[in-house]
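The values are calculated or read from the model by the stated rules, or taken from the named source; none is laboratory data. Just so you know, these numbers come straight off a predicted model, no measurement behind them. All Cβ positions, glycine included, derive from the backbone under ideal geometry; neighbour counts span all protein chains shown.
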Amino acid sequence: MNGNEWKAAIETFITDYVKEYPDKNHLPHLWRTPLVGYADAFDPYIQRLPEIVAKVHRLPQDIMEDPKVVICYFIPFTRELERTNVGVANNAASENWAQAYKITNAMMARLNEDLANEIIRLGGRAVVPEGAGMLKELLKSS
């Protein structure tokens, strides 16, 4: 596959996964269409993440030998869910938002594994970093 075919396959996989996940798991529909992006694994900005985010932030080459591309995605909540935060005291998240956040993190962990397996099935190389997620003490991504 060429680069555009890879992108189309990855974006379709992520979009379909997020769209179908609620019905397959008996959950409410919490998300809009994901945004998917790609970065050169050795882009200077990517290489500066430990400096920008946290010293313990790992780099693509720490996770995979000879990495090429980092796949990034963002899954926006529905507008209705966003509105549940309006008027919450102390700028805190609403209970609905907090529950959706937990559900979303669980879904993304499964999505990451399934996407990596799909890329490998299609003949590519992929890995999901172990322990990826939140540095709770810093409230930053690892």
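Note on the stretch 44-79: residues that are within 26 Å of TYR17 (Cβ to Cβ) and of a type in the set (Asp, Glu) amount to 0.
Out of all the residues in the stretch 81-94, which are at pLDDT below 90 and either in contact with a Ser or Thr (Cβ under 6 Å, 6 or more places away or on another chain) or closer than 26 Å to THR12 by Cβ (or both)? Correct list: ASN85, VAL88. Looking only at residues of the stretch 46-56 that are surrounded by 13 or more Cβ atoms within 10 Å (Cβ to Cβ) and more than 28 Å from THR33 (Cβ to Cβ), we find that the one that is modelled with the lowest pLDDT is ALA54. Residue-level analysis places ALA116 outside the set of residues that are modelled with pLDDT under 95 and either among the aliphatic types (A, V, I, L, M) or within 13 Å of the chain's Cα centre (by Cα) (or both).
Condition first: surrounded by 15 or more Cβ atoms within 10 Å (Cβ to Cβ) and among the small types (Gly, Ala, Ser). Can you find one or more residues in the stretch 28-40 that meet it? Scanning the stretch 28-40 turns up no residue that is surrounded by 15 or more Cβ atoms within 10 Å (Cβ to Cβ) and among the small types (Gly, Ala, Ser). Regarding the stretch 99-108, can at least one residue be identified that is touching a helix residue (DSSP H, G or I) at 6+ places or on another chain (Cβ under 7 Å), of a type in the set (Val, Ile, Thr) and within 21 Å of ASP16 (Cα to Cα)? No - not one qualifying residue is present in the stretch 99-108. Just checking, which of LYS19, LYS7 is of a type in the set (D, E, K, R) and either under 15 Å from the mean Cα position of the chain (by Cα) or not in a helix (DSSP H, G or I) (or both)? Only one candidate qualifies: LYS19. Figure legend. Inter-residue proximity from the stretch 59-80: first residues at pLDDT 95 or above, second residues of a type in the set (D, E, K, R), beta-carbon distance below 7 Å, spacing 6+ or different chains. Indicated pairs: VAL69/ASP40; PRO76/ARG32; THR78/ARG32.
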